[in-house]
1. Counting other beta carbons within 10 Å of each Cβ, put 90, 172 in order, fewest first.
2. Relative contact order, percent, of the stretch 1-81 when contacts are C-alpha pairs under 8 Å separated by at least 6 residues?
3. Return the single residue from 216, 155, 199 with maximal mean-square fluctuation; model: Gaussian network over the chain, springs between Cα atoms under 10 Å.
4. Note down the relative contact order for the stretch 50-184 as a percent, whole number, built from C-alpha pairs under 8 angstrom at least six residues apart.
5. Which order do 284, 55 fall in if you start with the one that has the fewest other Cβ atoms within 10 Å?
6. Within the chain, what percent of beta bridges assigned by DSSP are antiparallel, to the nearest 5?
7. Gaussian network model of the chain, Cα springs within a sub-10 Å range: biggest mean-square fluctuation belongs to which of 124, 289, 36?
8. What's the extension gain from residue 61 to residue 225 if we count 0.36 nm per residue and subtract their Cα-Cα distance?
């Protein structure tokens, strides 16, 4: 295992919860961390920008209080996702707020950013970078990231197209640091499988949409529970970058999931005044692992279920 001791000793399960636009907020992150898995949220979820300072204060204070009251429990650290794209006008200011609060983990997406890495390292923070292919991984490694998050085929959100076995194998040829594997992981035995394959942590997002605390429409949560892998559509129409979405939400928007036009990637924007918030509200993202989610539950109960599945799978391998 290549997980830094500062993280490993605080985890009940080797899971990093992916930051989900709109859905992830302080309540979600706090419950994930209290359950012993790394919670995260995109900095851009805090709107207006001034909210980011409030959110980080709330998360830190609540978790510190919980740890003090429960000294024997493992309380996981948290992460903030920074979208490193030229149209994200908040990037540097948001990162300065993260430095102020010494956010334990920064997740960078779309582009590896030397300045963001430098700022995180200034206080001992870790930077994990999202990658979908070996070329992007090599660039991120050369810039000094601490870990890689492999977003493979079947993952929710902006997923890649490579099979997890293929990408993880190639990554391990060039990188011996922390690796997080994402792609249709919704059960505890999937988490163990990711470790057996050579990953250190599993990246899970879709599993936590169908939870009581998630900041998602109830119809969205119900569709997650009712859907299967065949209900996931891969398209770049909504953000300019290919991602996986629920067929039902596309149909509800009056579009034909089987006849969607392609979008121009150059028009992708993360500016504060031109965000894709409406698209993300109306068109719901999810990974191909939705078929493994059968009911709505609290985050605490979901993690307990994952833990039971993980332990059962582990015992099965041993015997």
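1. Exposure proxy ranking, most exposed first: 172, 90.
2. 38
3. Answer for the Gaussian network model of the chain: 216.
4. This gives 17 percent for the stretch 50-184.
5. Listing 284, 55 from fewest to most nearby Cβ atoms yields 55, 284.
6. Working: 6 of 35 bridges.
Percent antiparallel among DSSP bridges in the chain is about 15.
7. 124
8. Details: separation 164, 0.36 × 164 = 59.04 nm, distance 3.31 nm.
Result: 55.7 nm gained on full extension.
Where a number appears in this text, it was derived from the coordinates with a stated rule and is not lab data. Quick caveat: nothing in here was measured; it's all calculated off a predicted structure. As a convention, Cβ positions derive from the backbone with ideal geometry for all residues, glycine included, and neighbour counts pool all protein chains shown.
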